[in-house]
Structures are given as C-alpha cells and as structure tokens.
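Participant: Have a look at the structure that comes next, please.
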Amino acid sequence: MQKTLKSITQFYYYIYSATILTTLGGYIVNMSRDVSYGPKDPLNITLSSLVILYMLISIPLALGLFFKMTKKWSLIEDEKIKYSAYEKGAKLRLLAIGIGLLASIIVFYILRSNISLIYCAGIGAIALLFCKPTESKIYSDLSIEEPEE
C-alpha cells in the first residue's frame with residue numbers, strides 16, 4: 001500500500017513540476033519574442049479550440065472512468081493485483097489531466113493572446129487537486145477498512 005501511494009504521489013508531483021518548468025520556459029522564451037497571433041487568426045482559433053475541447057472531454061472522462069474502475073478493483077481479492085491496478089489507473093488519470101494542463105500552458109505561450117487558455121490551465125490544476133493521492137482516499141476508493149492505530 002505504501003509503495004503504491006509513494007509511486008502515485010511522485011507521479012502527481014512530477015506533473016506539477018513539469019507545469020512549473022513549462023511555465024518558466026515559456027516565459028523565458030517569450031521575453032524576447034514579438035510575434036503574437038490575433039484573436040481571429042486561424043492558428044489561434046484552431047489550437048485554442050483543440051485544447052479547450054481536450055479539456056472538456058478528458059477531465060470528466062478521466063474522473064468518471066476512474067471512479068467506475070475503482071468499483072471493479074475493489075472486488076479483486078488479491079491485494080497486490082488490486083493495488084497494482086489502482087496505481088496504473090491513478091497514473092493514467094493524472095496523465096490525462098496533466099496533458100491538458102501542460103498543453104494549455106504551451107499553447108498560451110505560443111499564441112500569447114488567448115486568455116481562455118490560462119483559465120483552462122487553472123481548471124486543469126484544480127482537477128489535479130481532486131486527484132491528489134492520500135492513504136485514506138486509496139482505502140476509500142478500494143473499499144478497504146483503514147487499519148486502527
């Protein structure tokens with residue numbers, strides 16, 4: 001159980017670290033760049049629409065599928081297999097949401113004019129907060145009795 005929690009937690013913080021590094025990198029690269037795309041530019045419309053559409057689909061889908069799968073995983077008798085399946089599912093959920101978060105930041109710095117992508121990044125960051133792994137959440141998701149201390 002502790003190994004599973006540690007692995008998911010590391011992956012969770014890797015995504016936030018990548019977000020911070022992407023933001024810093026985008027800022028540094030764009031300090032000297034003067035190119036900006038207008039709101040009616042086809043590149044702006046296409047890229048921002050793709051990111052927003054991805055966020056609208058991936059966040060509810062990742063959260064919903066993970067919830068549905070935890071019901072199946074809770075029925076598995078072997079704890080090793082149960083924790084392994086949970087770990088894999090939790091990492092996929094984090095990855096699906098993290099890709100949207102990183103994409104919104106990258107596309108924001110490419111376009112430099114679409115503020116709705118900052119809102120998308122905020123929504124992605126908040127969605128990741130709902131996925132923060134804790135021991136009690138794992139016990140709850142897998143319908144396991146918490147050990148008495």
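No lab work stands behind these numbers, since they all come straight from the coordinates. None of the values given here were measured: they were computed from a predicted structure. Every residue, glycine among them, receives a Cβ derived from its backbone with ideal geometry; neighbour counts consider all protein chains shown.
Participant: Which order results if 51, 29, 107 are arranged by neighbouring Cβ count within 10 Å, fewest first?
Facilitator: Least to most surrounded, the residues fall as 29, 107, 51.
Participant: Which entries in the list 72/132; 6/132; 6/68; 6/71; 6/72 go over 18 Å, if you measure between the two C-alpha atoms of each?
Facilitator: On the way: 72/132 21 Å; 6/132 12 Å; 6/68 23 Å; 6/71 22 Å; 6/72 22 Å.
Distance filter (> 18 Å) returns 72/132; 6/68; 6/71; 6/72.
Participant: Here are several values of Rg and Dmax of the Cα atoms in Å: (i) 18.4, 61; (ii) 17.8, 55; (iii) 19.5, 59. Which one was derived from the coordinates shown?
Facilitator: Correct label is (i).
Participant: Determine ³J(HN,Hα), in whole Hz, for all residues of the stretch 82-92 in sequence, where each value follows from phi through the Karplus function 6.51 cos²θ - 1.76 cosθ + 1.60 and θ = phi - 60°; x replaces Gly and Pro.
Facilitator: So the J values, rounded to whole Hz, are 4, 5, 5, 5, 5, 4, 4, x, 5, 5, 5.
Participant: Quickly work out the residue 23-to-residue 144 label distance, labels modelled 7 Å from Cα along the C-beta direction, and quote it in nm with one decimal.
Facilitator: 3.3 nm
Participant: Before rounding to the nearest 500, sum -39500 (n - 2.57) across all DSSP H runs of length at least 4 in the chain and divide by the residue total; then give [θ] at 222 nm in deg cm²/dmol.
Facilitator: On the way: 5 runs with 116 residues, N = 149.
Mean residue ellipticity, 222 nm, calculated: -27500 deg cm²/dmol.
Participant: 7 Å from Cα along Cα→Cβ at both residue 31 and residue 80: what's the point-to-point distance in nm?
Facilitator: Modelled inter-label distance: 5.2 nm.
Participant: I'd like the orientation of helix 42-73 relative to the chain: the angle between its Cα long axis and the longest Cα principal axis, in ° from 0 to 90, rounded to 10.
Facilitator: Taking Cα atoms only, the helix is inclined about 0 degrees.
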